[in-house]
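Undergrad: I'd like to ask some things about the structure below.
The values are calculated or read from the model by the stated rules, or taken from the named source; none is laboratory data. Predicted model only: the values in this text are computed from it and were never measured. Every residue, glycine as well, gets a Cβ built from its backbone with ideal geometry; the counts of neighbours run over all protein chains shown. These accessible areas exclude ligands, DNA and RNA; they are computed on the full protein's heavy atoms, side chains included. Shrake-Rupley method; radii C 1.70, N 1.55, O 1.52, S 1.80 Å.
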Amino acid sequence: MQPYSLTASTIMMNGVDLQSLTQRYGTPLYVMNESFIRNQAQRFKATFVHEHLKTTIFYASKAFLTLAMAQLIDEEGLSLDVVSLGELHTALKANFPPSRIIFHGNNKTSLELDYALKHHVETIVIDNPYELQLLIEKVSRPQKVMLRLNPGVEAHTHEYISTTKHDSKFGLSINDVETIEVMKTMINHPLLDFTGIHCHIGSQIFDPSSFHKEAQLLLEYMRDIKDNYDIEIKTLNLGGGFGVKYTDEDTPFDIQLYFHDLLDFIKNTCDEYQIIYPHVCIEPGRSIVAEAGVTIYTIGALKTTHSSKHFVFVDGSMADHIRTALYQAKYEARILERPLDPHDRIYSVAGKACETGDILIHESSLPTPNIGEHLVVFTTGAYHYSMASNYNRLLKPAVVFVNEDDARVVVKAQTLDDLLSSDVML
Ligand code: LLP
(Lines give C-alpha, C1' and ligand atoms only; values in the text may rest on other atoms or scores of the structure.)
Protein backbone atom coordinates (compact mmCIF):
# COMPACT_ATOMS: atom_id res chain seq x y z
CA MET A 1 0.00 0.00 0.00
CA GLN A 2 1.31 3.46 -0.95
CA PRO A 3 0.48 6.25 1.52
CA TYR A 4 -0.20 8.77 -1.29
CA SER A 5 -0.21 9.05 -5.07
CA LEU A 6 1.05 11.76 -7.41
CA THR A 7 -0.86 13.14 -10.40
CA ALA A 8 0.21 15.94 -12.74
CA SER A 9 -1.69 18.52 -10.75
CA THR A 10 -1.88 17.30 -7.16
CA ILE A 11 -1.08 14.69 -4.51
CA MET A 12 -3.87 12.39 -3.36
CA MET A 13 -4.13 10.53 -0.07
CA ASN A 14 -6.91 7.95 0.34
CA GLY A 15 -9.00 9.71 -2.30
CA VAL A 16 -8.50 13.11 -0.64
CA ASP A 17 -6.77 15.89 -2.57
CA LEU A 18 -4.14 17.38 -0.27
CA GLN A 19 -4.83 20.82 -1.78
CA SER A 20 -8.32 20.71 -0.31
CA LEU A 21 -6.75 20.22 3.12
CA THR A 22 -4.58 23.31 2.81
CA GLN A 23 -7.72 25.31 2.04
CA ARG A 24 -9.62 23.82 4.99
CA TYR A 25 -6.91 23.77 7.62
CA GLY A 26 -4.11 26.10 6.49
CA THR A 27 -0.40 25.35 6.72
CA PRO A 28 1.90 24.10 8.09
CA LEU A 29 -0.16 20.95 8.42
CA TYR A 30 0.69 17.41 9.45
CA VAL A 31 -1.38 14.90 7.48
CA MET A 32 -1.46 11.20 8.34
CA ASN A 33 -2.92 8.40 6.27
CA GLU A 34 -5.03 6.59 8.85
CA SER A 35 -5.65 3.54 6.66
CA PHE A 36 -1.93 3.18 6.05
CA ILE A 37 -1.23 3.18 9.80
CA ARG A 38 -3.94 0.57 10.39
CA ASN A 39 -2.51 -1.49 7.56
CA GLN A 40 0.99 -1.32 9.02
CA ALA A 41 -0.32 -2.43 12.41
CA GLN A 42 -2.07 -5.39 10.78
CA ARG A 43 1.04 -6.25 8.78
CA PHE A 44 3.11 -6.42 11.96
CA LYS A 45 0.44 -8.49 13.67
CA ALA A 46 0.22 -10.93 10.78
CA THR A 47 3.96 -11.44 10.46
CA PHE A 48 5.31 -11.30 14.00
CA VAL A 49 3.91 -14.73 14.82
CA HIS A 50 5.39 -18.16 15.34
CA GLU A 51 3.74 -21.48 16.01
CA HIS A 52 5.91 -22.19 19.07
CA LEU A 53 6.33 -18.72 20.53
CA LYS A 54 3.93 -16.32 22.18
CA THR A 55 4.45 -12.86 20.67
CA THR A 56 3.31 -9.31 21.46
CA ILE A 57 3.75 -6.03 19.60
CA PHE A 58 3.91 -2.81 21.59
CA TYR A 59 3.55 0.34 19.52
CA ALA A 60 6.24 2.79 20.73
CA SER A 61 4.10 5.83 21.37
CA LYS A 62 7.04 8.28 21.41
CA ALA A 63 6.97 8.14 17.60
CA PHE A 64 3.50 9.72 17.50
CA LEU A 65 0.83 9.77 20.17
CA THR A 66 -2.43 11.63 20.51
CA LEU A 67 -5.79 10.55 21.91
CA ALA A 68 -6.91 9.41 18.45
CA MET A 69 -3.69 7.51 17.86
CA ALA A 70 -4.04 5.68 21.18
CA GLN A 71 -7.61 4.76 20.17
CA LEU A 72 -6.42 3.55 16.79
CA ILE A 73 -3.71 1.36 18.33
CA ASP A 74 -6.25 -0.08 20.74
CA GLU A 75 -8.70 -0.81 17.92
CA GLU A 76 -5.97 -2.55 15.94
CA GLY A 77 -5.18 -4.73 18.93
CA LEU A 78 -1.56 -3.72 19.51
CA SER A 79 -0.16 -3.05 22.97
CA LEU A 80 1.47 0.25 23.91
CA ASP A 81 4.91 1.37 25.07
CA VAL A 82 4.93 4.62 27.04
CA VAL A 83 7.86 6.45 28.51
CA SER A 84 6.51 9.38 30.51
CA LEU A 85 3.62 10.63 32.58
CA GLY A 86 2.33 12.52 29.55
CA GLU A 87 2.31 9.50 27.25
CA LEU A 88 0.72 7.35 29.95
CA HIS A 89 -1.92 9.96 30.72
CA THR A 90 -2.77 10.35 27.03
CA ALA A 91 -3.18 6.60 26.65
CA LEU A 92 -5.39 6.28 29.74
CA LYS A 93 -7.53 9.27 28.74
CA ALA A 94 -8.12 7.52 25.42
CA ASN A 95 -9.31 4.50 27.44
CA PHE A 96 -6.35 2.41 26.39
CA PRO A 97 -6.37 -0.66 28.65
CA PRO A 98 -3.53 -0.39 31.19
CA SER A 99 -3.25 -4.17 31.04
CA ARG A 100 -1.64 -3.69 27.61
CA ILE A 101 0.77 -0.90 28.57
CA ILE A 102 4.48 -1.26 29.23
CA PHE A 103 6.20 1.64 31.00
CA HIS A 104 9.78 2.53 30.04
CA GLY A 105 12.19 5.33 30.91
CA ASN A 106 15.68 5.65 32.35
CA ASN A 107 14.76 7.98 35.20
CA LYS A 108 11.13 7.52 36.11
CA THR A 109 10.04 10.06 38.64
CA SER A 110 8.27 9.33 41.88
CA LEU A 111 5.11 10.85 40.39
CA GLU A 112 5.36 8.65 37.28
CA LEU A 113 5.75 5.50 39.34
CA ASP A 114 2.83 6.47 41.57
CA TYR A 115 0.66 7.08 38.53
CA ALA A 116 1.70 3.83 36.85
CA LEU A 117 0.99 1.81 40.00
CA LYS A 118 -2.29 3.56 40.70
CA HIS A 119 -3.53 2.80 37.20
CA HIS A 120 -2.31 -0.82 37.16
CA VAL A 121 0.05 -0.53 34.23
CA GLU A 122 0.85 -4.06 33.20
CA THR A 123 4.66 -3.94 33.26
CA ILE A 124 7.22 -1.48 34.51
CA VAL A 125 10.64 -1.82 32.93
CA ILE A 126 13.32 -1.04 35.47
CA ASP A 127 16.37 0.76 34.13
CA ASN A 128 18.62 1.04 37.20
CA PRO A 129 18.89 0.16 40.91
CA TYR A 130 17.71 3.57 42.14
CA GLU A 131 14.49 3.23 40.18
CA LEU A 132 13.97 -0.24 41.62
CA GLN A 133 14.39 1.08 45.17
CA LEU A 134 11.88 3.81 44.48
CA LEU A 135 9.41 1.27 43.16
CA ILE A 136 9.93 -1.05 46.14
CA GLU A 137 9.12 1.81 48.51
CA LYS A 138 5.81 2.34 46.73
CA VAL A 139 4.55 -1.05 45.60
CA SER A 140 1.64 -2.37 47.63
CA ARG A 141 0.18 -5.05 45.38
CA PRO A 142 1.63 -7.47 42.79
CA GLN A 143 3.37 -5.69 39.91
CA LYS A 144 5.08 -7.15 36.87
CA VAL A 145 8.57 -5.82 36.24
CA MET A 146 11.25 -6.33 33.64
CA LEU A 147 14.85 -5.20 33.48
CA ARG A 148 16.34 -3.16 30.65
CA LEU A 149 19.66 -4.60 29.55
CA ASN A 150 22.49 -3.28 27.48
CA PRO A 151 24.19 -6.09 25.55
CA GLY A 152 26.62 -3.73 23.80
CA VAL A 153 25.37 -4.13 20.23
CA GLU A 154 26.65 -1.40 17.92
CA ALA A 155 23.74 -0.94 15.54
CA HIS A 156 24.71 1.06 12.47
CA THR A 157 22.65 4.20 12.75
CA HIS A 158 23.06 7.80 13.85
CA GLU A 159 24.98 8.08 17.11
CA TYR A 160 22.08 9.88 18.84
CA ILE A 161 19.62 7.09 18.10
CA SER A 162 21.92 4.16 18.86
CA THR A 163 21.17 2.94 22.38
CA THR A 164 23.25 -0.10 23.29
CA LYS A 165 26.82 1.00 22.85
CA HIS A 166 28.71 0.23 26.06
CA ASP A 167 28.61 3.88 27.13
CA SER A 168 24.87 4.35 26.51
CA LYS A 169 22.72 5.82 29.28
CA PHE A 170 20.09 3.09 28.97
CA GLY A 171 19.80 -0.12 30.97
CA LEU A 172 22.34 -2.24 32.80
CA SER A 173 25.17 -4.07 31.13
CA ILE A 174 25.02 -7.82 30.63
CA ASN A 175 28.68 -7.81 31.62
CA ASP A 176 28.20 -6.42 35.16
CA VAL A 177 27.48 -8.59 38.19
CA GLU A 178 25.42 -5.73 39.63
CA THR A 179 22.83 -6.56 36.97
CA ILE A 180 22.30 -10.00 38.49
CA GLU A 181 21.89 -8.45 41.93
CA VAL A 182 19.16 -6.15 40.63
CA MET A 183 17.40 -9.13 39.07
CA LYS A 184 17.63 -11.12 42.31
CA THR A 185 16.13 -8.21 44.26
CA MET A 186 13.13 -8.29 41.93
CA ILE A 187 12.81 -12.06 42.05
CA ASN A 188 12.97 -12.16 45.85
CA HIS A 189 10.52 -9.35 46.42
CA PRO A 190 7.11 -10.71 47.48
CA LEU A 191 5.13 -8.24 45.37
CA LEU A 192 7.30 -7.97 42.28
CA ASP A 193 6.79 -10.46 39.50
CA PHE A 194 10.00 -10.42 37.48
CA THR A 195 8.98 -11.50 33.99
CA GLY A 196 12.04 -10.90 31.91
CA ILE A 197 14.43 -8.69 30.04
CA HIS A 198 14.16 -5.78 27.64
CA CYS A 199 16.56 -4.26 25.18
CA HIS A 200 16.34 -1.66 22.40
CA ILE A 201 19.46 -1.39 20.27
CA GLY A 202 18.64 1.82 18.41
CA SER A 203 16.45 3.32 15.77
CA GLN A 204 16.28 3.50 11.96
CA ILE A 205 18.29 0.28 11.56
CA PHE A 206 18.61 -1.29 8.13
CA ASP A 207 20.77 -4.29 8.86
CA PRO A 208 18.69 -7.21 10.17
CA SER A 209 21.85 -8.86 11.48
CA SER A 210 21.91 -6.21 14.26
CA PHE A 211 18.63 -7.64 15.61
CA HIS A 212 19.91 -11.21 15.24
CA LYS A 213 23.03 -10.21 17.14
CA GLU A 214 20.88 -8.63 19.86
CA ALA A 215 18.73 -11.77 20.13
CA GLN A 216 21.77 -14.02 20.17
CA LEU A 217 23.52 -12.08 22.96
CA LEU A 218 20.36 -12.00 25.07
CA LEU A 219 19.67 -15.71 24.55
CA GLU A 220 23.26 -16.51 25.57
CA TYR A 221 22.72 -14.36 28.62
CA MET A 222 19.48 -16.20 29.38
CA ARG A 223 21.33 -19.52 29.17
CA ASP A 224 24.17 -18.26 31.40
CA ILE A 225 21.97 -16.84 34.14
CA LYS A 226 19.88 -19.99 34.15
CA ASP A 227 22.96 -22.20 34.48
CA ASN A 228 24.77 -20.00 37.01
CA TYR A 229 21.96 -18.44 39.06
CA ASP A 230 18.92 -20.52 38.26
CA ILE A 231 17.15 -17.42 36.91
CA GLU A 232 14.57 -18.19 34.23
CA ILE A 233 13.55 -15.49 31.77
CA LYS A 234 9.94 -15.78 30.63
CA THR A 235 9.74 -12.66 28.45
CA LEU A 236 12.25 -11.35 25.95
CA ASN A 237 11.48 -7.85 24.65
CA LEU A 238 13.71 -6.84 21.74
CA GLY A 239 12.55 -3.22 21.43
CA GLY A 240 11.97 -1.39 18.15
CA GLY A 241 14.20 0.27 15.60
CA PHE A 242 13.09 -1.11 12.22
CA GLY A 243 14.21 1.33 9.55
CA VAL A 244 11.95 3.10 7.05
CA LYS A 245 12.49 4.75 3.69
CA TYR A 246 12.90 8.53 3.79
CA THR A 247 14.83 8.79 0.51
CA ASP A 248 16.10 6.41 -2.17
CA GLU A 249 19.30 6.01 -0.12
CA ASP A 250 17.31 4.09 2.51
CA THR A 251 16.88 0.37 2.11
CA PRO A 252 14.58 -1.10 4.74
CA PHE A 253 14.48 -4.89 4.92
CA ASP A 254 11.37 -6.94 4.30
CA ILE A 255 9.80 -7.28 7.73
CA GLN A 256 7.56 -10.09 6.53
CA LEU A 257 10.47 -12.36 5.68
CA TYR A 258 12.68 -11.17 8.47
CA PHE A 259 10.36 -11.81 11.43
CA HIS A 260 9.97 -15.39 10.35
CA ASP A 261 13.76 -15.88 10.37
CA LEU A 262 14.20 -14.06 13.66
CA LEU A 263 11.53 -16.04 15.49
CA ASP A 264 12.81 -19.30 14.04
CA PHE A 265 16.28 -18.35 15.18
CA ILE A 266 15.02 -17.66 18.71
CA LYS A 267 13.14 -20.95 18.86
CA ASN A 268 16.09 -22.98 17.55
CA THR A 269 18.58 -21.26 19.85
CA CYS A 270 16.33 -21.96 22.85
CA ASP A 271 16.28 -25.63 21.83
CA GLU A 272 20.04 -25.64 21.54
CA TYR A 273 20.58 -23.84 24.87
CA GLN A 274 17.87 -25.86 26.59
CA ILE A 275 16.04 -22.81 27.89
CA ILE A 276 12.29 -22.26 27.89
CA TYR A 277 10.73 -20.48 24.91
CA PRO A 278 10.25 -16.88 25.99
CA HIS A 279 7.28 -14.70 25.21
CA VAL A 280 8.87 -12.53 22.51
CA CYS A 281 7.95 -8.83 22.23
CA ILE A 282 8.89 -5.98 19.92
CA GLU A 283 8.23 -2.23 20.09
CA PRO A 284 8.03 -0.68 16.62
CA GLY A 285 7.32 3.04 16.52
CA ARG A 286 8.68 4.66 13.40
CA SER A 287 7.93 1.69 11.15
CA ILE A 288 4.22 1.91 12.01
CA VAL A 289 3.72 5.63 11.36
CA ALA A 290 6.61 7.36 9.58
CA GLU A 291 5.61 6.70 5.98
CA ALA A 292 1.95 7.46 6.71
CA GLY A 293 2.72 11.13 7.34
CA VAL A 294 3.46 14.20 5.24
CA THR A 295 3.84 17.83 6.22
CA ILE A 296 2.41 20.53 3.96
CA TYR A 297 3.96 23.99 3.94
CA THR A 298 3.29 27.18 2.01
CA ILE A 299 6.22 28.48 0.01
CA GLY A 300 7.22 32.03 0.87
CA ALA A 301 10.33 33.90 -0.16
CA LEU A 302 12.98 32.50 -2.49
CA LYS A 303 16.57 33.62 -2.14
CA THR A 304 19.82 33.03 -3.95
CA THR A 305 22.83 33.84 -1.82
CA HIS A 306 25.98 35.65 -2.89
CA SER A 307 27.61 32.22 -3.12
CA SER A 308 24.79 31.00 -5.42
CA LYS A 309 23.00 28.79 -2.94
CA HIS A 310 19.28 28.61 -3.73
CA PHE A 311 16.91 28.77 -0.79
CA VAL A 312 13.18 28.15 -0.71
CA PHE A 313 11.61 29.35 2.52
CA VAL A 314 8.51 27.71 3.97
CA ASP A 315 6.08 28.74 6.70
CA GLY A 316 7.24 25.99 9.07
CA SER A 317 10.62 25.39 10.67
CA MET A 318 12.78 23.20 12.85
CA ALA A 319 10.08 23.68 15.48
CA ASP A 320 7.83 21.27 13.54
CA HIS A 321 10.64 19.43 11.74
CA ILE A 322 13.67 18.93 14.00
CA ARG A 323 15.12 15.70 12.59
CA THR A 324 17.25 17.33 9.91
CA ALA A 325 18.96 19.63 12.42
CA LEU A 326 19.29 16.92 15.05
CA TYR A 327 20.27 13.83 13.08
CA GLN A 328 21.19 15.20 9.63
CA ALA A 329 18.14 13.29 8.42
CA LYS A 330 17.27 13.47 4.72
CA TYR A 331 13.84 13.95 3.19
CA GLU A 332 12.13 14.19 -0.17
CA ALA A 333 9.65 16.89 -1.13
CA ARG A 334 7.43 17.85 -4.07
CA ILE A 335 5.44 20.88 -5.07
CA LEU A 336 1.83 19.99 -4.33
CA GLU A 337 0.32 21.77 -7.34
CA ARG A 338 2.64 20.03 -9.86
CA PRO A 339 4.42 17.11 -8.23
CA LEU A 340 5.51 15.54 -11.51
CA ASP A 341 7.09 18.65 -13.06
CA PRO A 342 10.70 18.13 -14.09
CA HIS A 343 13.27 19.22 -11.54
CA ASP A 344 15.11 22.35 -12.24
CA ARG A 345 17.83 22.68 -9.65
CA ILE A 346 18.86 21.85 -6.10
CA TYR A 347 17.23 23.98 -3.42
CA SER A 348 17.78 24.18 0.29
CA VAL A 349 14.41 24.14 2.01
CA ALA A 350 14.69 26.39 5.05
CA GLY A 351 12.27 27.33 7.78
CA LYS A 352 11.43 30.61 9.43
CA ALA A 353 13.19 30.08 12.78
CA CYS A 354 16.05 32.31 13.87
CA GLU A 355 18.70 29.66 13.59
CA THR A 356 21.15 28.96 10.77
CA GLY A 357 20.58 25.26 11.31
CA ASP A 358 16.87 25.65 10.61
CA ILE A 359 17.02 23.63 7.42
CA LEU A 360 14.32 21.08 6.60
CA ILE A 361 16.02 19.63 3.53
CA HIS A 362 19.60 20.50 2.64
CA GLU A 363 19.36 19.38 -0.97
CA SER A 364 15.96 19.11 -2.56
CA SER A 365 15.65 18.73 -6.30
CA LEU A 366 12.62 20.82 -7.34
CA PRO A 367 11.11 22.69 -10.27
CA THR A 368 11.40 26.45 -9.81
CA PRO A 369 8.95 27.11 -6.96
CA ASN A 370 6.42 29.92 -7.06
CA ILE A 371 5.56 31.94 -4.00
CA GLY A 372 2.23 30.73 -2.62
CA GLU A 373 2.57 27.17 -3.89
CA HIS A 374 2.74 24.35 -1.36
CA LEU A 375 5.59 22.06 -0.55
CA VAL A 376 4.86 18.54 0.67
CA VAL A 377 7.61 16.89 2.71
CA PHE A 378 7.21 13.12 2.85
CA THR A 379 7.73 10.53 5.61
CA THR A 380 7.08 12.86 8.51
CA GLY A 381 4.68 10.63 10.46
CA ALA A 382 7.18 9.64 13.15
CA TYR A 383 9.10 11.92 15.52
CA HIS A 384 7.79 15.11 13.94
CA TYR A 385 4.62 16.06 15.78
CA SER A 386 5.98 14.27 18.85
CA MET A 387 9.19 16.33 18.79
CA ALA A 388 7.60 19.65 17.85
CA SER A 389 8.38 22.68 19.99
CA ASN A 390 7.35 26.31 20.30
CA TYR A 391 10.80 27.68 19.51
CA ASN A 392 10.51 31.33 18.48
CA ARG A 393 6.97 31.06 19.84
CA LEU A 394 5.94 29.40 16.61
CA LEU A 395 2.61 27.61 16.82
CA LYS A 396 2.38 23.85 16.52
CA PRO A 397 0.49 22.73 13.38
CA ALA A 398 -2.73 20.72 13.39
CA VAL A 399 -2.67 16.99 12.71
CA VAL A 400 -5.25 15.61 10.29
CA PHE A 401 -6.09 11.94 9.75
CA VAL A 402 -7.18 11.02 6.25
CA ASN A 403 -9.31 7.96 5.82
CA GLU A 404 -11.29 6.84 2.76
CA ASP A 405 -12.39 10.11 1.21
CA ASP A 406 -12.58 11.75 4.60
CA ALA A 407 -10.32 13.97 6.67
CA ARG A 408 -10.65 14.81 10.35
CA VAL A 409 -8.60 16.89 12.71
CA VAL A 410 -7.08 14.79 15.50
CA VAL A 411 -5.01 17.63 16.94
CA LYS A 412 -6.18 21.20 16.54
CA ALA A 413 -3.63 23.80 15.44
CA GLN A 414 -2.25 25.70 18.39
CA THR A 415 -3.64 29.20 18.73
CA LEU A 416 -2.03 32.33 20.13
CA ASP A 417 -4.27 31.88 23.17
CA ASP A 418 -2.96 28.33 23.62
CA LEU A 419 0.54 29.70 23.45
CA LEU A 420 -0.11 32.10 26.31
CA SER A 421 -2.32 29.78 28.33
CA SER A 422 0.44 28.75 30.73
CA ASP A 423 2.17 32.12 30.98
CA VAL A 424 1.68 34.22 34.08
CA MET A 425 2.02 38.01 34.06
CA LEU A 426 4.19 39.69 36.68
N1 LLP B 1 11.41 0.96 22.37
C2 LLP B 1 12.26 1.75 23.08
C3 LLP B 1 12.62 1.37 24.43
C4 LLP B 1 12.77 2.91 22.49
O5 LLP B 1 13.61 3.67 23.19
C6 LLP B 1 12.39 3.26 21.17
C7 LLP B 1 12.89 4.48 20.55
C8 LLP B 1 11.49 2.43 20.50
C9 LLP B 1 11.03 1.28 21.13
C10 LLP B 1 10.97 2.73 19.11
O11 LLP B 1 11.96 2.83 18.15
P12 LLP B 1 11.53 2.97 16.60
O13 LLP B 1 10.85 1.70 16.18
O14 LLP B 1 10.64 4.13 16.50
O15 LLP B 1 12.83 3.20 15.89
N16 LLP B 1 13.81 10.83 17.85
C17 LLP B 1 14.58 9.87 17.10
C18 LLP B 1 14.24 8.46 17.48
C19 LLP B 1 14.48 8.16 18.94
C20 LLP B 1 14.04 6.78 19.30
C21 LLP B 1 14.15 6.54 20.75
N22 LLP B 1 13.66 5.29 21.17
C23 LLP B 1 14.35 10.09 15.60
O24 LLP B 1 13.61 10.99 15.25
O25 LLP B 1 14.95 9.43 14.79
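Undergrad: Out of 247, 251, report the one residue that is open to solvent by 60 Å² or more (accessible area, probe 1.4 Å), farther than 22 Å from residue 128 by Cα and in a loop (DSSP other than H, G, I, E, B). Walk me through it before giving the result.
TA: Working: 247 fails: open to solvent by 60 Å² or more (accessible area, probe 1.4 Å).
On inspection, the qualifying residue turns out to be 251.
Undergrad: Now for a different question. Would it be correct to say that residue 194 is more than 16 Å from the ligand (Cβ to nearest atom) and among the aromatic types (Phe, Trp, Tyr)?
TA: So residue 194 fits the description; yes.
Undergrad: Please specify each residue of the range 161-180 satisfying the condition of being in contact with a helix residue (DSSP H, G or I) (Cβ under 8 Å, 6 or more places away or on another chain), away from the ligand (no atom under 11 Å from the Cβ) and not hydrophobic (A, V, I, L, M, F, W, C).
TA: Quick first cut of the range 161-180, residues in contact with a helix residue (DSSP H, G or I) (Cβ under 8 Å, 6 or more places away or on another chain) only: 161, 164, 172-174, 178, 180.
This time we only want the ones that are away from the ligand (no atom under 11 Å from the Cβ), so: 172-174, 178, 180.
Correct list: 173, 178.
Undergrad: Do the conditions hold for residue 267, that is, is it of a type in the set (D, E, K, R), more than 28 Å from residue 252 (Cβ to Cβ) and either out of contact with any Pro (no Cβ under 6 Å at 6 or more places or on another chain) or part of a loop (DSSP other than H, G, I, E, B) (or both)?
TA: On the way: of a type in the set (D, E, K, R): yes; more than 28 Å from residue 252 (Cβ to Cβ): no; either out of contact with any Pro (no Cβ under 6 Å at 6 or more places or on another chain) or part of a loop (DSSP other than H, G, I, E, B) (or both): yes.
Against the criterion (of a type in the set (D, E, K, R), more than 28 Å from residue 252 (Cβ to Cβ) and either out of contact with any Pro (no Cβ under 6 Å at 6 or more places or on another chain) or part of a loop (DSSP other than H, G, I, E, B) (or both)), residue 267 does not qualify.
Undergrad: Looking only at the range 207-224, decide whether some residue is touching an Asp or Glu at 6+ places or on another chain (Cβ under 9 Å), open to solvent by 50 Å² or more (accessible area, probe 1.4 Å) and within 14 Å of the ligand (Cβ to nearest atom).
TA: No: zero hits.
Undergrad: What's the number of the condition residue 276 fails, among (1) part of a helix (DSSP H, G or I); (2) in the same structural domain as residue 226 (by TED's automatic domain parsing)?
TA: (1)
Undergrad: Considering only residues that are part of a loop (DSSP other than H, G, I, E, B), within 16 Å of the ligand (Cβ to nearest atom) and of a type in the set (Val, Ile, Thr), which ones fall in the range 372-415?
TA: Within the range 372-415, the subset part of a loop (DSSP other than H, G, I, E, B) is 372-373, 379-384, 388-390, 394-397, 404-405, 412-415.
Narrowing further to those that are within 16 Å of the ligand (Cβ to nearest atom): 379-384, 388-389.
Across the range 372-415, the qualifying residues are 379, 380.
Undergrad: Let me ask another. Can you tell me which residue within the range 279-310, out of those that are outside any strand (DSSP E or B) and of a type in the set (Val, Ile, Thr), is nearest to residue 349 (Cα to Cα)? Before the answer, list the steps.
TA: Step one: filter the range 279-310 for residues outside any strand (DSSP E or B), giving 283-292, 305-309.
From what's left, of a type in the set (Val, Ile, Thr): 288-289, 305.
Values: 288: 26, 289: 23, 305: 13 Å.
Among residues in the range 279-310 that are outside any strand (DSSP E or B) and of a type in the set (Val, Ile, Thr), the one nearest to residue 349 (Cα to Cα) is 305.
Undergrad: Mind counting the residues in the range 15-31 that are of a type in the set (A, V, I, L, M) and assigned to a strand (DSSP E or B)? If you could, list the steps in order and put the result at the bottom.
TA: Start the filter on the range 15-31 by keeping residues that are of a type in the set (A, V, I, L, M), which leaves 16, 18, 21, 29, 31.
With assigned to a strand (DSSP E or B) added as a condition, the list becomes 16, 29, 31.
So the answer is 3.
Undergrad: So how many residues does the range 56-86 have that are within 12 Å of the ligand (Cβ to nearest atom) and either of a type in the set (D, E, K, R) or more than 19 Å from residue 116 (Cβ to Cβ) (or both)?
TA: Going through the range 56-86 one residue at a time, the tally reaches 5.
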